[in-house]
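Engineer: Next up is a structure, given as C-alpha cells.
The values are calculated or read from the model by the stated rules, or taken from the named source; none is laboratory data. Everything numeric here is computed off the predicted structure, so don't read it as measured data. Here the Cβ positions follow ideal geometry from the backbone for every residue, glycine too, while neighbour counts run over all protein chains shown.
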Amino acid sequence: MIKAVPSAFIVLASGQERDAQYSRYPWLYSPLSSKNNEHPIATNIEAVKFDYISSIDTLPNALKKTILLNSSPFSKIVGLPVEINIDKEIPKNLKIVNDGPNPQEFNGGQIPLAVLIEGEFPSVYANRIKPFLISANKEKSVPTKMVVISDGDVIKNQLDRSRPLELGFDKWTNIFYGNKEFLLNTVNYLLDDSGLINIRGKEIAVPFLDPQRTADKRTQWQVINLLLPLGLLALFGIFFRYIRKRKYTGVSTDP
C-alpha cells in the first residue's frame, strides 16, 4: 500500500450531534496522482484521487507499456497487513505536511498507479495440454490494448442523501478531482475515439501581460485612461457648439 505527499483530505467530526464540528486533515493513504502529460489519456486533467492504493510492477516482455499515472516523488510503500491507528496517523501526517516529507522515509520515488498495455496478448492456455481438441486455438490475441489501475475506488462515487454525486467530487472538501476525465479519456482511447480526447486535451494559450512592463507603464496608462475620456468629451462639446452656432447664426426670428 502506498503513502504519498501530496494527498487528499479526510474529514473528521469532533463534538456530538448539533455541536459537531468538521475538520479536514491530510490523509497520506489517499495519494493524488502525478500524470504523464505526453499521453492523451492523462493530458490536461486534474490530479486523480486514490484510496488505499497498491503499486503496479511491470515485467519485461513484448507488450508495450505506458505509465499513465504515477504517485508523487515523495512516496513510500507500506507492507501489508498493517494496522492504521487514526489517532496516531493524523498528528504524524500534519507534521509531515507542515515540515515537509523526509526524503529518507519517502524514498519510493514515483510509483506506477495506472498503466496502458498494448500489443498481442499471449493466451493463458498457450503451451498447456488441453483437456479436449480445440479447432480454432489461438496462442495470442489480435493487436489490442487495456488499462490496468491499481485501485478499484477510482471509479466510486460519493453519495449525498442516497443519491450519487458526480464522479471525482469530494462533498466533504468541495474539491473536484480528475477521476471522471481520466476514466472518460481511458474509455475513449480504448474505443479508438481520439476525437473526444483531443477536444478535452486541447490547450488554449492565454496571453499574459508582462508584469515588469505593466509596473513601468502603470502611471502612464492611468493618466491616459483618466484624461482621454475627458478630452474627447470636451472636443465633442466644442464641436457640437460650433455646429449649433453655425446652424443658427443669421437666422431671423422676424415674421
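Engineer: Out of the residues in segment 131-170 meeting the condition of being surrounded by 11 or more Cβ atoms within 10 Å (Cβ to Cβ) and basic (K, R), tell me which one is nearest to I45 (Cα to Cα).
Structural biologist: Residue satisfying both the conditions and the ranking: K156.
Engineer: So which strands (runs of 3 or more DSSP E) stay within segment 18-130 end to end and still have 3 or more residues that are surrounded by 14 or more Cβ atoms within 10 Å (Cβ to Cβ) and in contact (Cβ under 8 Å) with a residue 60 or more places away in the chain?
Structural biologist: 21-31, 74-77, 112-119
Engineer: Checking L32 against (1) modelled with pLDDT of 90 or more; (2) touching a helix residue (DSSP H, G or I) at 6+ places or on another chain (Cβ under 7 Å), which test does it fail?
Structural biologist: (2)
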